[in-house]
Amino acid sequence: MKLSKLKKEEVEEAGKLLVSYWKSRDMPEYNLNWAKDYLIKGHNKETIKDEFFTFREKGKLMGFASLITNVSKIAEIRDEITIKDDKNLYLKRILKELLKLAKLRKLRKLYSLVLPKNLGVYKSLAFKKEGILKDHFKDGEDFIIMSKMI
């Protein structure tokens, strides 16, 4: 078996295999044209929104976060950064606002890669643990995968 980068002349054949796979998972909305475009454009094809949001209190920046939404109506919360706050109250407020937005947009699920120090905030908002990514961005720094159905 040989691994090689997908070539232009392989897109049609690979697209048919991809559509067959999606159909086996009961995902008939993805047709051959969508599959070929996906294979050419990459994963950016499935990202429908990639947004940053700021959170202010009395005009002062208290934090920001990003929400990356894909075609499956799933969004990832990323880069949730707040000013120093020992009780994580700003993080909780940010997450509550993102949950409201997710409901408004009729998303079906939110997930995030969470540092252990922020785990309690996510649990308090009924996010569930799905797994752990060991030494993910740097050695000794684990992330907990947390998610919530909307």
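Each value in this text was obtained by applying a stated rule to the coordinates, not by laboratory testing. All of these numbers come straight from a predicted model, not from anything done at the bench. Here the Cβ is made from the backbone with ideal geometry for all residues, glycine too, and neighbour counts use every protein chain on show.
Check each of the GluC sites (Glu not before Pro) in segment 1-105 and keep only those in coil by DSSP with at most 14 other C-beta atoms within 10 angstrom; list them in order.
Glu29
Checking the cross-link filter: which aspartates and glutamates have an alpha carbon closer than 19 Å to that of Lys23, excluding same-chain neighbours under 8 positions apart?
Glu12, Glu13, Asp37, Glu46
Can you tell me the 0 to 90 degree angle between the C-alpha axis of helix 89-104 and the longest principal axis of the chain, rounded to 10?
The angle comes out at about 40 degrees.
I'd like the FRET efficiency for Glu57 and Arg78, computed as 1/(1 + (r/R0)^6) with the beta carbon distance as r and R0 of 22 Å, rounded to 0.05.
About 0.50, to the nearest 0.05.
Find out how many positive minus negative residues lie around Glu13, taking Lys and Arg as positive, Asp and Glu as negative, among other residues whose Cβ is under 12 Å from that of Glu13.
+1
Translational diffusion coefficient of the chain at 20 °C, 1.002 mPa s, Stokes-Einstein with Kirkwood Rh over Cα pairs, in µm²/s as a whole number.
121
Scan the chain and hand back the longest stretch that contains none of the trypsin sites (Lys or Arg not before Pro) lying in DSSP loops with at most 16 other Cβ atoms within 10 Å.
Of all site-free stretches, the longest is 109-150.
Give me the number: length gained by fully extending Ile40 to Ala126, i.e. 0.36 nm times residue separation minus the C-alpha to C-alpha distance, one decimal in nm.
Difference between extended and current length: 27.2 nm.
Pairwise over distinct Cα atoms, reciprocal of the mean inverse distance: report the Kirkwood radius of segment 84-150 in Å, one decimal place.
12.6
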